[in-house]
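Visitor: Take this structure first; my questions come after.
Read the figures in this text as sums done on the coordinates, not as results from a lab. What you are looking at is a predicted structure, and each value in this text was computed from that prediction instead of being measured. Backbone-built Cβ (ideal geometry, glycine too); neighbour counts: all protein chains shown.
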Number of protein chains: 2
Amino acid sequence: MLKKERHAFILQQLNIHNRVMSNDLLQRLAVSEDTIRRDLQELAEEGKLIKVHGGALSRSLHFTLSANDIYLPKEKKTIAQKAATLVQDGMVVLLSGGTTIRELIHHLAPELSATFITPSVPIALELMNHTGSEVIFIGNRLHKVAQIAIGAELTRQLASIQADVCLLGTNAIDSKAGITENEWEVAEVKKSMCQAARQVVALAISEKLNTVQPFQVCKASAVHAVVTEFEPHDERLAAYRSAGIQCI
Amino acid sequence: MLKKERHAFILQQLNIHNRVMSNDLLQRLAVSEDTIRRDLQELAEEGKLIKVHGGALSRSLHFTLSANDIYLPKEKKTIAQKAATLVQDGMVVLLSGGTTIRELIHHLAPELSATFITPSVPIALELMNHTGSEVIFIGNRLHKVAQIAIGAELTRQLASIQADVCLLGTNAIDSKAGITENEWEVAEVKKSMCQAARQVVALAISEKLNTVQPFQVCKASAVHAVVTEFEPHDERLAAYRSAGIQCI
DNA sequence: ATAAAACCGGCATAAACCGGCATAAATGTA
DNA sequence: TACATTTATGCCGGTTTATGCCGGTTTTAT
């Protein structure tokens with residue numbers, strides 16, 4: 001077995017399982033522990049995986065790890081502030097779930113008077129602190145993990161709504177693949193939300209840019225704007241601008 | 001299982017449920033109590049969570065939770081425990097809002113499998129920690145102060161429901177005037193809930209006994225049982241017993 | 001007040017890590 | 001072809017890490 005082959009195999013396993021353990025690899029590849037360790041070390045130096053004691057983790061899993069980092073006040077705050085300016089008096093606004101959206105609510109002007117519609121329980125709870133606005137929760141069956149409403153009743157209620165704008169906390173966005181999600185039911189909900197609004201705005205921290213998940217929410221062409229922590233004319237947003245997406 | 005994986009899992013759980021318990025984690029991750037403790041300790045040092053006795057809280061929401069958890073009179077706990085025994089496997093249960101109901105949820109057996117229906121946002125959020133059961137939220141327009149759904153859509157949805165039991169956190173109850181409320185809209189919601197269930201059970205701390213508020217929820221004769229912190233045969237409940245209400 | 005549960009510090013151990021060295025195969029060069 | 005160089009791999013020792021266990025203490029709940 002050639003070194004390159006081993007490397008390819010390791011990366012393949014990593015793509016499938018999001019993790020590999022040295023012990024497992026050295027048996028299946030029939031090489032010594034040291035060789036595996038060196039392999040992982042090299043791949044880690046090339047940035048193709050994250051080395052940890054006893055094995056390695058895929059880069060994407062590490063994203064979710066750092067995404068869980070509660071301490072991202074800077075970027076998320078920036079995004080939330082910029083996105084908050086999009087909400088004007090009298091608007092009907094659809095909100096998804098997620099910590100960025102929650103942060104956005106904190107940045108709404110207290111005297112603002114808008115109508116907020118959301119399928120997310122924590123977001124609904126947060127919105128109730130906002131005195132000026134009306135809050136409408138949609139859906140009835142609740143998804144425990146995502147803490148949002150799902151199912152047919154939600155779609156039925158959304159069908160009778162034409163919101164001014166839909167603000168989505170985004171898991172993954174790509175200038176070609178559009179907005180994607182890693183859970184089917186959540187993707188379905190967001191898909192319905194996009195269809196119920198005249199404009200779709202994606203709130204995405206830069207590390208979510210150019211990433212793709214299995215389930216599509218909407219095509220890139222359906223996204224009207226994307227809000228990141230970057231300046232509007234940042235080079236790293238070029239692909240989105242040329243896809244006709246406004247960058248804020 | 002690699003250490004980093006556990007950490008990622010813990011943070012993920014934390015983002016979902018806003019809290020984790022060591023005991024729960026050590027079973028699901030199949031490691032010793034010590035390892036979990038060390039994991040939580042390390043994550044706490046990195047500032048990714050708040051360590052508390054027996055588990056950890058999410059950094060973002062711990063204040064809301066602990067604030068509500070701190071204020072728990074002993075009586076409410078007693079009531080919640082007794083009321084929790086009324087919920088059996090397979091039941092469809094309507095729940096109102098209120099801290100007593102929330103406490104009740106904590107006392108549900110984890111392996112219980114029931115369907116809970118509620119118009120209260122905090123209660124819905126709390127219910128999502130209960131793995132075994134299905135959670136349905138009803139209504140869409142939200143009342144900011146009471147944090148429950150109100151309005152016509154709620155009534156419409158309730159009309160198509162026949163629950164086994166309706167558990168009401170009660171503001172005022174009297175053996176003659178029945179259950180009453182101090183806000184019209186909330187009273188309307190609870191009235192609809194009573195009509196949508198075969199049985200109505202009132203959870204009332206003793207200080208609420210024999211008090212009357214302006215807006216009626218239901219007549220005394222419509223109440224099947226009342227749960228207080230008293231013993232079932234306590235003298236002070238005599239009036240309710242003779243009104244045909246079961247005292248628990 | 002008392003018992004159960006959670007916490008802490010320390011210890012033990014097995015697994016994983018590291019650096020260096022040796023060997024052998026592959027590659028390059030005269 | 002013969003010799004030197006590089007590369008890949010395995011092996012060895014000493015070190016670090018991860019984890020479980022244990023005794024004693026604190027916190028929580030009844």
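Visitor: For chain B, take the longest principal axis of its alpha carbons; what is the angle in degrees between that and the long axis of helix B:74-84, to the nearest 10 within 0 to 90?
Guide: Result, in degrees: 80.
Visitor: For B:Lys208, go through the lysines and keep the ones whose alpha-carbon is under 29 Å away, minus same-chain ones fewer than eight residues off.
Guide: B:Lys74, B:Lys76, B:Lys77, B:Lys82, B:Lys144, B:Lys176, B:Lys190, B:Lys191, B:Lys219
Visitor: Follow-up question, since we're still on this one. How do A:Met91, B:Met193 rank when sorted from fewest to most other Cβ atoms within 10 Å of their own Cβ? Mind showing how you got there, number by number?
Guide: Details: A:Met91 16, B:Met193 27.
Ascending number of Cβ neighbours within 10 Å: A:Met91, B:Met193.
Visitor: If each label sits 7 angstrom from Cα along the C-beta direction, how far apart, in nm, is B:Lys144 from its counterparts in the other copies?
Guide: With the label placed 7 Å along Cα→Cβ, B:Lys144 yields 3.4 nm.
Visitor: What is the magnitude of the charge dipole of region A:3-67 about its Cα centre, with +1 placed on the Cβ of each Lys and Arg, -1 on the Cβ of each Asp and Glu, and no other charges, expressed in debye to the nearest 20?
Guide: Once rounded to the nearest 20, the dipole reads 120 debye.
Visitor: Of all DSSP beta bridges in the protein assembly as shown, what percent run antiparallel (nearest 5)?
Guide: Values: 34 of 78 bridges.
Roughly 45 percent of the beta bridges in the protein assembly as shown run antiparallel, per DSSP.
Visitor: Whole percent per 5 Å bin, from 0 to the bin with the longest distance: what is P(r) over all C-alpha pairs of region A:3-67?
Guide: Percent of Cα pairs in each bin: 4, 20, 34, 26, 11, 4, 1, 0.
Visitor: Can you list the residues, at least 5 places off or on another chain, whose amide H is less than 5 Å from the amide H of B:Ala114, using H built in the peptide plane?
Guide: Here the answer is B:Gly90, B:Ser133, B:Glu134, since their amide H atoms fall under 5 Å of that of B:Ala114.
Visitor: So what is the calculated 222 nm ellipticity per residue for chain A, using -39500 (n - 2.57) for each DSSP H run with n of 4 or more, over all residues, to the nearest 500 deg cm²/dmol? Intermediate values should be presented prior to the final figure.
Guide: On the way: 10 runs with 96 residues, N = 248.
Taking each H run of at least 4 residues, the total per residue is -11000 deg cm²/dmol.
Visitor: Please give the average number of partner chain Cβ atoms lying within 10 Å of the Cβ of each residue in B:139-145, rounded to a whole number.
Guide: Across the residues of B:139-145, the mean count of other-chain Cβ atoms within 10 Å is 6.
Visitor: Note the angle between two axes, namely the Cα long axis of helix B:3-17 and the longest principal axis of the Cα atoms of chain B, as a number of degrees from 0 to 90, rounded to the nearest 10.
Guide: Its long axis makes an angle of about 20 degrees.
Visitor: Compute the label-point distances linking B:Gln12 to its equivalents in the other copies; points lie 7 Å from Cα along Cα→Cβ; give nm, one decimal, shortest first.
Guide: Distances between equivalent label points, in nm: 2.5.
Visitor: Additional query: Using +1 at the C-beta of Lys and Arg and -1 at the C-beta of Asp and Glu, which of B:Met1, A:Cys218, A:Ala159 has the Cα lying farthest in the positive direction of the dipole of the protein assembly as shown?
Guide: A:Cys218
Visitor: What does the charge count near B:Ala222 come to, summing +1 for each Lys or Arg and -1 for each Asp or Glu among other residues with Cβ under 14 Å from its Cβ? Mind showing how you got there, number by number?
Guide: Values: positive: B:Lys176, B:Lys190, B:Lys191, B:Arg198, B:Lys219; negative: B:Asp174.
Here the charged neighbours net out to +4.
Visitor: Could you give me the radius of gyration and the Dmax of chain B, taking only the C-alpha atoms into account and expressing both in angstrom?
Guide: When restricted to Cα atoms, chain B yields Rg and Dmax of 19.9, 63 Å.
Visitor: Quickly rank B:142-148, A:186-192 as a protection proxy: mean count of other C-beta atoms within 10 Å, highest first. Intermediate values should be presented prior to the final figure.
Guide: Working: B:142-148: 19.4, A:186-192: 22.4.
The peptides rank, most packed first, as A:186-192, B:142-148.
Visitor: For B:Val212, place a label point 7 Å from Cα along the Cα-to-Cβ direction in every copy; what are the distances to the other copies, in nm, shortest first?
Guide: Label-point distances to the other copies, shortest first: 7.0 nm.
Visitor: Counting alpha carbon pairs within less than 8 Å and at least 6 residues apart, what relative contact order, in whole percent, applies to chain B?
Guide: Values: 466 pairs, mean separation 33.8, N = 248.
Relative contact order of chain B: 14 percent.
Visitor: Where the centre of each part is set by its Cα atoms, how far does region B:112-167 sit from region A:181-233, in angstrom?
Guide: If we compute the Cα centre of each part, the gap is 29 Å.
Visitor: Calculate the dipole size of chain A relative to its Cα centre from +1 charges on Lys and Arg beta carbons and -1 charges on Asp and Glu beta carbons; express the result in debye to the nearest 20.
Guide: Around 520 debye, computed over chain A.
Visitor: Could you tell me how many degrees, from 0 to 90 and to the nearest 10, lie between the Cα long axis of helix B:184-195 and the main elongation axis, the longest principal axis, of the Cα atoms of chain B?
Guide: Result, in degrees: 90.
Visitor: To continue, here is another question. Need one value for B:117-130: mean number of C-beta atoms belonging to other chains within 10 Å of its residues' C-beta atoms.
Guide: The per-residue average across the peptide is 3.
Visitor: Just check region A:149-248 against the gyration tensor rule for me: Cα atoms, a ≥ b ≥ c as the square roots of the eigenvalues, rounded for a/c under 1.5, and otherwise prolate or oblate depending on whether a/b exceeds b/c.
Guide: It is prolate, given that a/c is not under 1.5 and a/b is the larger ratio.
Visitor: If you place +1 on the Cβ of every Lys and Arg and -1 on the Cβ of every Asp and Glu, how big does the dipole about the Cα centre of the protein assembly as shown come out, in debye to the nearest 20?
Guide: 520 debye
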